[in-house]
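Below is one structure; the comments refer to it alone.
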């Protein structure tokens, strides 16, 4: 066995390490080329592997693109500690979502027209595949336990409103959302819809 063969075997990637390399390459391809020029061959070349290796894991380039979105989100996790009140926690959550690079994600999303045609799906379908509501649910559940939020007012559509409005702002501007806009989303739109009256009065007095 030659030294070159030994070295190749030593650095050969398998399992999770190979998946991470492929998904990192796939996300880089989406950033550089958009979905229109996104190919399994280009990803394989960037990842230093072969197309058959990718095909064994993801059947189509659409599947790989969705996995690449998930990879990016997983590599940029968000956590919101218990700050004692739902208003501050929501502000931190929205700021972290904005700072995580939502403008970058939005730029890629605008290149996904061919994906929606190929998969006969919509932006909402893709959102449901790649976005987690866990962080919002944790913040809102803490607010309910503290008596700040009236659960009878918290429909699924209203619960998703802060993040939906944040996404809308990013789609329009392609920039991170200013703190003043985040405050407006929370204070003038969301909390008046879901707060217990006493909790809302306490919040208004603090302002």
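The values are calculated or read from the model by the stated rules, or taken from the named source; none is laboratory data. Note that the structure is predicted; figures quoted are calculated from it, not measured. Ideal geometry is used to build each Cβ from the backbone, glycine not excepted, and the neighbour counts take in all protein chains shown.
Okay, here's what the table says:
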| item | result |
| --- | --- |
| Residues located in the stretch 116-160, provided they are in a helix (DSSP H, G or I), closer than 12 Å to residue 194 by Cβ and free of Cβ contacts under 8 Å to residues at least 24 places away in the same chain | 144, 151, 152, 157 |
| Any hit, the stretch 147-163, residues being modelled with pLDDT under 90, surrounded by 14 or more Cβ atoms within 10 Å (Cβ to Cβ) and farther than 19 Å from residue 84 by Cβ | no |
| Residues being part of a helix (DSSP H, G or I), surrounded by fewer than 14 Cβ atoms within 10 Å (Cβ to Cβ) and over 17 Å from the mean Cα position of the chain (by Cα) - total across the stretch 164-183 | 4 |
| Members of the stretch 130-157 found to be within 20 Å of the chain's Cα centre (by Cα) and under 21 Å from residue 96 (Cβ atoms), listed by number | 130, 131, 132, 133, 134, 135, 136, 137, 138, 139, 140 |
| Number of the condition not met by residue 112 [criteria: (1) under 30 Å from residue 60 (Cβ atoms); (2) at pLDDT below 90] | (2) |
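Residues are listed down the side, and each one gets a yes or a no for (1) modelled with pLDDT under 95; (2) under 19 Å from residue 117 (Cβ atoms); (3) in contact with a strand residue (DSSP E or B) (Cβ under 6 Å, 6 or more places away or on another chain):
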position: 27; (1), (2), (3): no, no, no
position: 30; (1), (2), (3): no, yes, no
position: 33; (1), (2), (3): yes, yes, no
position: 39; (1), (2), (3): no, yes, no
position: 42; (1), (2), (3): no, no, no
position: 54; (1), (2), (3): no, no, no
position: 61; (1), (2), (3): no, yes, no
position: 65; (1), (2), (3): no, yes, no
